[in-house]
Every structure is written in C-alpha cells, then in structure tokens.
C-alpha cells in the first residue's frame, strides 16, 4: 500500500475553526468548542486530494483503489493532515501552548493557516463582534510567531553545532542540512534559501548572526510554505476581508473557505441525504421530504452564501493548492501487469503515489519497496508501451511497471 509521506499542518490562532476544517477534511470527530485551547494534542488524520483518474484517460470503465477512492471519474488520493494547538501572541516564547505547538509542526511539509475572515475573534482567540477584529493583523501575528520560532531554533542549532563543524568542513552545505534535518529540512531547501538571501558567494563560516537569521526566514518559506484558508467566508463581514487578504498575499496564497458548510455537506452526503462530491460547486438533495425545514434552510443558505459566490466551500481547493501547486506533487500509478494495468490480484490501477516533480522511476521503485529499488532492472511505461531506464523522470499520470531481480 502507498505510504502517505507528506504532512499538511493546520495552524492558526485559537477559536478560528481549525478543528472544524480538520473534521471537514477527514470526517474524524474532534472536540469543537467555543473557547481557546480546545485542541491540545494534535489531531492527525487523512484527507484526500482530487484528481481526474487516469482510468478515464485510458478509456477504462473503472479502477480498484486500495487506498483512497474513485468516484465519478475523480481519484481521491490520501494525504496526511495535522491540526495542532492554537497560537497566541508570544507563542514563540512559550506563551499558551506555544512550545508544544512549535514542536508539533516541525515535521510538516506545508502549513494551512486558518484565519477568521469574519473578524469575530481577537488575537487571543476570544469571541468579539463580527467585523471588529482584523484578519490582516491575525495573519501578521501568526506569521511572526512561526518565523520567530523557526529563526530562534536555527540560530540556536547554528551557534551550538553548525558554527563549530563548518570551519573545517569540505562541504558546508551538508553540515547545515544534516544538523537541520530534524526540522524536516532537505538539502534542496538549504540551497534555495541561500540563493534567496544571496549568500552563495559568502562561505557559511563567515556568516554573521544577521545572515543566519535571514537564511532562517527564507528556509522556513521554502521548507514550510504557508497558504491561507480565509475561513467563515460565508459571513457578510468576511467579503471585504477576503478581498484584502487576496490583494495583500496573492490569489495563489489565499482561498475563501467555509469549513462548517463543508462539514455539513459531507455529513449529509454520508447519511445519504444529499449527493455531493468534495470540490463540487453544487449538491443534489436526494429526498427533500426526508429533511426538516431547518435542514432545508441550512442547505439553501450554503448554496446562496457559499457555493454561488465562491464556487465551492474551498476545503477541497485549499488541499489541491497545497499539494499540487505549493508542494508540486504529481500522481503516478505503479502496476504489476502492464497489459491489464493491475496488481497481482487483478485490481486495476490499485495504487496512486504522490511524488515530487523530478522523481525518477528508480526512486519510485524504492518508495514501493526497498527490494524493488535494489534489484531494479528497468521499468515499462504502460501508457506508451515502452521500456524506460532508471533515470527516466516520471510525469504526471504515468502508469509504470517496475521490473526487478528481487521480488517484494
């Protein structure tokens, strides 16, 4: 079975709807309450990104996913998400549950920052009159806390470990990468961060603390990019705030969201009351008579205040943006039988792996099983009916069979 490797962290101040968003994504019931610090231990679950399934492209009538599912021609591929304790000002110094929060997010690959677009909570997460709090300040506050924690952590590691080892190191980049790998940092992240702050021509042993701090912020941006979920977008007070957020941070970094609307629709679909596929711009009521007047009113409100103005609840869209746009992952389908496009049990297109652009077919073999990678001979591109070598760079929606001397 495919291993879900990427981790999406859900962050934000307390009481902005993080747990509702997490529950809507995963349908895992979590404690949702109207007070700060409802979430203490991180909630971890599986959400799904949506992609047109390759079985449609290949003209097949169906497929048999072993993880995730396929419906109406869309493949829903699992990704891991984590909802952590809410942040308050001063969290990087340990205020509130700051230390625990920061420790929880160190393994995240990308962060979804849930913001109260309706302006109905202050910076400490306390309820205020909608429209009186400023979501822009909220974004700035949380970004500051995350960057300060990241910067302070890296400066501490730099001064205690890296600065000593780097003086005589033949490859200083490896020293930096190895000492920061506990923060889920990759070598390519280090290289890109150095390029961003224009420190390529300056040997790291000569970096000042100011250089290290600038590098740290760039490294956070590269290794843990942030995308904003402008939650409660269905509130009238949120409309102008969503526009302001988009103007300030870019349309590619802000998604209007109604986590509550998505949660209602998914639960209604789960109960057979409506037909709804996550990411759709509409839903169908299966039997109006089975719904109470209040339920019908809520569904009508979702249609009018969420789906019509925004095109969706935003939950599926923000997952798509995080995985495909920010992390730049592509989907590949390994098979055991290239002619039937199946595994040994006859399941058609059973697995989908989300891999980074630039991944080779041999690297995929190792992801499937170590033995496949170690005994790699060649692979077969099942769509184009051709043999490919170990250096072949996978493309989105590739279907491949790995041929190895070692079975798995």
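Scanning the stretch 386-408 for residues that are part of a loop (DSSP other than H, G, I, E, B), farther than 16 Å from residue 333 by Cβ and touching a helix residue (DSSP H, G or I) at 6+ places or on another chain (Cβ under 6 Å) yields 390, 406, 408.
From (1) under 19 Å from residue 316 (Cβ atoms); (2) surrounded by fewer than 23 Cβ atoms within 10 Å (Cβ to Cβ); (3) modelled with pLDDT of 95 or more, pick out the condition that doesn't hold for residue 270. Only one criterion in (1) under 19 Å from residue 316 (Cβ atoms); (2) surrounded by fewer than 23 Cβ atoms within 10 Å (Cβ to Cβ); (3) modelled with pLDDT of 95 or more is unmet by residue 270, namely (3). If you go through the stretch 269-288 one residue at a time, do you hit one that is under 26 Å from residue 112 (Cα atoms), part of a helix (DSSP H, G or I) and in contact with a helix residue (DSSP H, G or I) (Cβ under 7 Å, 6 or more places away or on another chain)? Among the residues of the stretch 269-288, not one is under 26 Å from residue 112 (Cα atoms), part of a helix (DSSP H, G or I) and in contact with a helix residue (DSSP H, G or I) (Cβ under 7 Å, 6 or more places away or on another chain), which makes the answer no. The one condition from (1) under 18 Å from residue 337 (Cα atoms); (2) free of Cβ contacts under 8 Å to residues at least 60 places away in the same chain; (3) over 25 Å from the mean Cα position of the chain (by Cα) that residue 400 does not meet is (2). Yes or no: the stretch 244-264 includes at least one residue that is in the same structural domain as residue 118 (by TED's automatic domain parsing), in contact (Cβ under 8 Å) with a residue 12 or more places away in the chain, part of a helix (DSSP H, G or I) and more than 23 Å from the chain's Cα centre (by Cα). Checking the stretch 244-264: at least one residue is in the same structural domain as residue 118 (by TED's automatic domain parsing), in contact (Cβ under 8 Å) with a residue 12 or more places away in the chain, part of a helix (DSSP H, G or I) and more than 23 Å from the chain's Cα centre (by Cα). The set of residues in the stretch 172-211 being touching a helix residue (DSSP H, G or I) at 6+ places or on another chain (Cβ under 6 Å) and crowded, with 20+ Cβ neighbours inside 10 Å consists of 175, 176, 185, 189, 190, 193, 204. Out of all the residues in the stretch 334-343, is one or more buried (at least 22 other Cβ atoms within 10 Å of the Cβ) and over 19 Å from residue 56 (Cβ atoms)? Scanning the stretch 334-343 turns up no residue that is buried (at least 22 other Cβ atoms within 10 Å of the Cβ) and over 19 Å from residue 56 (Cβ atoms).
Evaluate the stretch 215-232: report whether one residue or more is touching a residue at least 60 places away in the same chain (Cβ under 8 Å) and surrounded by fewer than 15 Cβ atoms within 10 Å (Cβ to Cβ). No; the residues of the stretch 215-232 include none that is touching a residue at least 60 places away in the same chain (Cβ under 8 Å) and surrounded by fewer than 15 Cβ atoms within 10 Å (Cβ to Cβ).
Take the conditions (1) over 22 Å from residue 80 (Cβ atoms); (2) crowded, with 23+ Cβ neighbours inside 10 Å; residue 114 misses just one of them, which is (1). Of all residues in the stretch 23-40, one or more are closer than 20 Å to residue 145 by Cβ, modelled with pLDDT under 95 and touching a helix residue (DSSP H, G or I) at 6+ places or on another chain (Cβ under 7 Å).
Here residue 320 meets the list (1) over 22 Å from residue 68 (Cα atoms); (2) surrounded by fewer than 17 Cβ atoms within 10 Å (Cβ to Cβ); (3) modelled with pLDDT of 95 or more almost entirely, failing just condition (1). With respect to the stated conditions, residue 348 fails to be surrounded by 17 or more Cβ atoms within 10 Å (Cβ to Cβ), in contact with a strand residue (DSSP E or B) (Cβ under 8 Å, 6 or more places away or on another chain) and either in the same structural domain as residue 52 (by TED's automatic domain parsing) or within 30 Å of residue 246 (Cα to Cα) (or both).
Checked against (1) outside the structural domain of residue 12 (by TED's automatic domain parsing); (2) assigned to a helix (DSSP H, G or I), residue 168 passes all but a single condition, namely (2).
The values are calculated or read from the model by the stated rules, or taken from the named source; none is laboratory data. Since the structure is predicted, the reported quantities are computational estimates derived from the model, not experimental observations. Here Cβ is always computed from backbone atoms with ideal geometry, including for glycine, and neighbour counts include all displayed protein chains.
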